[in-house]
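Comments concern the structure below.
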Amino acid sequence: MNIMDFNVKKLAADAGTFLSRAVQFTEEKLGQAEKTELDAHLENLLSKAECTKIWTEKIMKQTEVLLQPNPNARIEEFVYEKLDRKAPSRINNPELLGQYMIDAGTEFGPGTAYGNALIKCGETQKRIGTADRELIQTSALNFLTPLRNFIEGDYKTIAKERKLLQNKRLDLDAAKTRLKKAKAAETKASQLNSARLEGDNNMVNFSYMLNFLHVKWLKIWAEEVTKSEQELRITQSEFDRQAEITRLLLEGISSTHAHHLRCLNDFVEAQMTYYAQCYQYMLDLQKQLGSFPSSYCNNNQTSVAPVPSASSNVIGSSTLTSTSGLVIASPTNLNDLKECSGSRKARVLYDYDAANSSELSLLADEVITVFSVIGMDSDWLMGERGNQKGRVPITYLELLN
């Protein structure tokens, strides 16, 4: 029974406090009550924390979209995370494309040029898919998780203490208002008590009785002055204490920024590793495809050689891009060789496997003799190495002086 009485009393006290805060808040909004302003430094810290929270949420959400564009997949991962369970492994788009290419190449025949090329492209796409998976895992661990911990942990604590500070401020201002009213009542009671009433008629006596009752009522307010002053001291102390706690938490935002900066560096490094891997995979694939025994044509049916990576010192470094996506050498840059009646030395830039007996296989960094032959395609030269002779693609050569 005593516990129940205690709970009822506590509930009534809490209800009274809530009502007092609500009245104070309403009067402040209506301009009928004074409001204790926070110091400028604390206001700046509160603004900085709110700004950090807003932009952290935006960056975190957009990073999730970047790493996982599929909204359904993001929802599924979110649900599994809340259930504290590991999400099932899901094949990503590059891996799926790679598997399709491998299956197609296998059906067309690995011995054919197109089938072999599809298989090599598929293997590269699957490696890119693996790199993409590693990027997502690394970014989630080193970048997204710290941002989410701030939003769901540190900032929630700040918001909780900020709300307590607001309540303490309302209690303080309500105590100031009550003290102000009590002092005003005490002053009015003093004025009425000093007033003298004259006359013996009934109206004078009745008026005197009313004034007497009024004075008694005002004295009740006057007795509240001491109580209100004590309450004000308590609420002021609690407000100052809560303001200090909130300030200490908010000053940690600078440390949060420093931590997020380190996480951002980790994210950039993860992206750099991912794009470097993708570039290397595609570079290797391009070299492999360049050695295939196939001829490519642009829109004008001009036969061109397989094209390796672009290099500034390669013959025909000034290039034109055809609509088929191939880079072909500009014939204007080969005039010195075409007009030369003799042979020249050239260094081989990349390995090249001859497609047939009319071509000459090449090894990177070796030096061979090249010369032009009347009527030969402008993208090919005749190469000579000892007793071996055959056609070589000009894009694989660096002409030596």
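Scanning the stretch 100-158 for residues that are part of a helix (DSSP H, G or I), among the β-branched types (Val, Ile, Thr) and open to solvent by less than 70 Å² (accessible area, probe 1.4 Å) yields Ile102, Ile119, Thr124, Ile128, Thr130, Ile136, Thr138, Thr145, Ile151, Thr157, Ile158.
Among the residues making up the stretch 351-378, a single one is of a type in the set (Phe, Trp, Tyr) and open to solvent by less than 40 Å² (accessible area, probe 1.4 Å): Tyr352.
Applying the criterion of being under 30 Å from Leu264 (Cα atoms) and in contact (Cβ under 8 Å) with a residue 24 or more places away in the chain to the residues of the stretch 159-186, the residue that is most open to solvent (accessible area, probe 1.4 Å) is Arg162.
The values are calculated or read from the model by the stated rules, or taken from the named source; none is laboratory data. Just so you know, these numbers come straight off a predicted model, no measurement behind them. A quick note on method: Cβ atoms are made from the backbone with ideal geometry, for glycine too, and the neighbour counts reach across all protein chains shown. For the accessible areas, the whole protein counts, side chains as well, though only heavy atoms, and no ligand, DNA or RNA atoms are used. Shrake-Rupley method; radii C 1.70, N 1.55, O 1.52, S 1.80 Å.
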